[in-house]
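Colleague: The following block contains the structure, expressed as C-alpha cells.
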Amino acid sequence: MLDVKEIEIFRGEAQILWRVSLTIQEGEIVTLLGANGAGKTTFLESVLGVHHPRSGEIYFRGRNISGINPFDIARIGISSVPEGRRLFKDMTVYENLEMGAYPKRARSSLLESLTWVFSLFPVLEVRKKQIAGTLSGGEQQMLAIGRALMSKPQLLLIDELSLGLSPKITKEIYETIQKLNKEGVTILVIEQNAALALRYSNRGYVLETGRITLQGSSTELLNDEHIRKAYLGM
Ligand SMILES: Nc1ncnc2c1ncn2[C@@H]1O[C@H](COP(=O)(O)OP(=O)(O)O)[C@@H](O)[C@H]1O
Ligand SMILES: [Mg+2]
C-alpha cells in the first residue's frame, strides 16, 4: 500500500534521512521505532508531503506521491495523528472532529464518520461539548486519533502514540488501534515504547540517526539482542 524507496531528506542544509526504505502492506500494523532525534517525525512528514525527497520515491497504491502537497494527502486516503496532537484546544470535541472531515468526500459522510468514531471511543461522545483543552491526556490522544479518522483514511500514521500517557490508557488505545485495523484501516505507529508497539504490530523498523538499521516481524524484533538492550532495557 505504501512503498517508500530509498528517500534522502534534507531540512535546510542538514541531511536527516539516508536512503530510507519502508513498506506497508494493506491490512498491516507496522511500527517505526527510534530514539529521540532519529528522524521518525521527519519520515512521517515526508510521507505527508511536508518534506520532499531529494532522491528516492514514495508510492501510495502504486502512485508516485513524492511531490504531493500536504493539503492533498487526506484526499488520497492518508491521515495522520501528529506528535503532540495539535488539537484545537479552545474548540469543543465535536468541533475538533468536524475539522477532521475536511476533504469533500469526508464532508458528505460527516454523521456516519462521527458514529464510527464514537463507537471506537465512546468517551468522546460523552464529552462532545467539552472544550478539548480540558480533556485528560488520554482523551486528547483519543480525540486526535478520532479527528484523523474523520477523513476516512485507508492509511493512518500515528506519531508518538504513547508519549506522556499512563500504561493503562496506552494499552486501551492500542486495543482500539487493533480494532480499527480489523475494520480495514492500515496503520503505521511511531513509538519510543518498543515493547508495547511490537506486541500490537505485525512488523517493525528501527531508525537510527536517519538510517533504517533493522527490520523484521515484530516477534523477531522482540527477540533481537540489540532491540532488547537498546529499546527494551534488558
Ligand atoms: N525544523 C528543523 N530544521 C532542521 N532540522 C530539524 C528540524 N526539526 C528537527 N530537525 C532535526 O532533524 C533530526 C530528526 O528530528 P525528528 O524527525 O524530529 O526526530 P524524531 O521524531 O525521531 O525525534 C534531528 O537531528 C533534529 O535536530
Ligand atoms: Mg518525533
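Colleague: Taking the chain as a Gaussian network, Cα atoms linked when under 10 Å apart, which of K152, K89, K168 shows the biggest mean-square fluctuation?
Modeller: K168
Colleague: Report, to the nearest 10°, how far helix 110-120 tilts away from the longest principal axis of the Cα atoms in the chain, using its own Cα long axis and a range of 0 to 90°.
Modeller: Helix 110-120 sits at roughly 70 degrees to that axis.
Colleague: Grab the DSSP H runs of the chain that are 4 residues or longer, score each as -39,500 (n - 2.57), total them, divide by all residues and round the 222 nm result to the nearest 500 deg cm²/dmol. If you can, show how the numbers build up before the last one.
Modeller: Values: 10 runs with 82 residues, N = 234.
That calculation yields -9500 deg cm²/dmol at 222 nm.
Colleague: Sticking with this one: With the alpha-carbon atoms as the only input, what is the per residue convex hull volume for the range 78-151 in Å³? All intermediate terms of the calculation are to be shown ahead of the outcome.
Modeller: Values: hull volume 5.6 nm³, N = 74.
So the per-residue Cα hull volume is 76 Å³.
Colleague: Here's a follow-up. With Cβ to Cβ distances under 12 Å as the rule, what net charge do the other residues near A194 carry (K, R +1; D, E -1)? Could the numbers behind the result be given before it?
Modeller: Numbers: positive: R199, R228, K229; negative: E191, D224.
That works out to +1.
Colleague: Let a ≥ b ≥ c be the square roots of the eigenvalues of the Cα gyration tensor of the range 161-209; is it rounded (a/c under 1.5), or, if not, prolate (a/b larger than b/c) or oblate? Write down the numbers at each step before the final one.
Modeller: Numbers: a/c = 2.15, a/b = 1.13, b/c = 1.90.
Taking the square roots of the gyration eigenvalues as a ≥ b ≥ c, the range 161-209 is oblate.
Colleague: Can you pull the Rg over Rh of the chain, Cα-only, Kirkwood? Provide the component values of the computation, followed by the final result.
Modeller: Values: Rg = 17.2 Å, Rh = 18.0 Å.
Radius of gyration relative to Kirkwood radius: 0.96.
Colleague: What net charge is computed for the residues neighbouring T41, neighbours being all others with C-beta under 10 Å from the C-beta of T41, Lys and Arg scored +1, Asp and Glu -1? Can you show the working numbers first?
Modeller: On the way: positive: K40; negative: E45, E83, D159, E160.
Residues close to T41 contribute a combined charge of -3.
Colleague: For the chain, with a Gaussian network of springs between Cα atoms less than 10 Å apart, report the residue from E13, E83, E125 with the top mean-square fluctuation.
Modeller: E13
Colleague: Sorted by packing (mean other beta-carbon atoms within 10 Å per residue), highest first, where do 169-177, 188-196 land?
Modeller: Working: 169-177: 17.4, 188-196: 21.2.
Taking the mean over residues of other Cβ atoms within 10 Å, the ranking is 188-196, 169-177.
Colleague: Also: Enter the mean projected area of the convex hull around the alpha-carbon atoms of the range 1-82, in nm², rounded to one decimal.
Modeller: On the way: hull surface 21.4 nm².
Across all orientations, the range 1-82 yields a mean hull projection of 5.4 nm².
Colleague: How high is the relative contact order of the chain, in percent, with contacts defined as C-alpha pairs under 8 Å that are six or more residues apart?
Modeller: Values: 444 pairs, mean separation 62.4, N = 234.
It rounds to 27 percent for the chain.
Colleague: What order, most packed first, do the peptides 117-124, 226-233 have when packing is the mean number of other Cβ atoms within 10 Å of each residue? Walk me through the numbers on the way to the answer.
Modeller: Values: 117-124: 17.2, 226-233: 15.1.
In decreasing order of mean packing, 117-124, 226-233 become 117-124, 226-233.
Colleague: Once the other residues with Cβ under 14 Å from the Cβ of T92 are scored (Lys, Arg +1; Asp, Glu -1), what is the net sum?
Modeller: Working: positive: K89, R127, K128, K129, R147; negative: D90, E95, E98, E125, E139.
So the surrounding residues net to 0.
Colleague: Nothing charged except the Cβ atoms of Lys and Arg (+1) and of Asp and Glu (-1): what's the magnitude of the dipole of the range 88-197 about its Cα centre? Round to the nearest 20 debye. Don't skip to the end; give the middle numbers.
Modeller: Values: 13 positive and 12 negative charges, 57 e Å.
Charge dipole, the range 88-197, about its Cα centre: 280 debye, nearest 20.
Colleague: Post the alpha-carbon centroid distance, the range 114-182 to the range 1-70, in whole angstrom.
Modeller: Each part reduced to its Cα centre gives a spacing of 24 Å.
Colleague: Moving on. Only four residue types carry charge here, +1 at the Cβ of Lys and Arg and -1 at the Cβ of Asp and Glu. Report the dipole size of the range 1-142 about the Cα centre in Debye, rounded to the nearest 20. Before the final figure, lay out the partial values.
Modeller: Numbers: 17 positive and 16 negative charges, 50 e Å.
The dipole of the range 1-142 has a size of about 240 debye.
Colleague: Along the charge dipole of the range 78-151, which of I145, V117, A101 sits closest to the positive end, that is, farthest toward it, with unit charges on the beta carbon of Lys, Arg, Asp and Glu (+1, +1, -1, -1)?
Modeller: A101
Colleague: How high is the relative contact order of the range 78-151? Use alpha-carbon pairs under 8 Å, at least six apart in sequence, and give a whole percent.
Modeller: Values: 90 pairs, mean separation 39.9, N = 74.
Result for the range 78-151 is 54 percent.
Read-outs throughout are calculated quantities, based only on the coordinates presented, and are distinct from any laboratory measurement. Everything numeric here is computed off the predicted structure, so don't read it as measured data. Note that each Cβ is placed from the backbone with ideal geometry, even for glycine, and that neighbours are counted across all protein chains shown.
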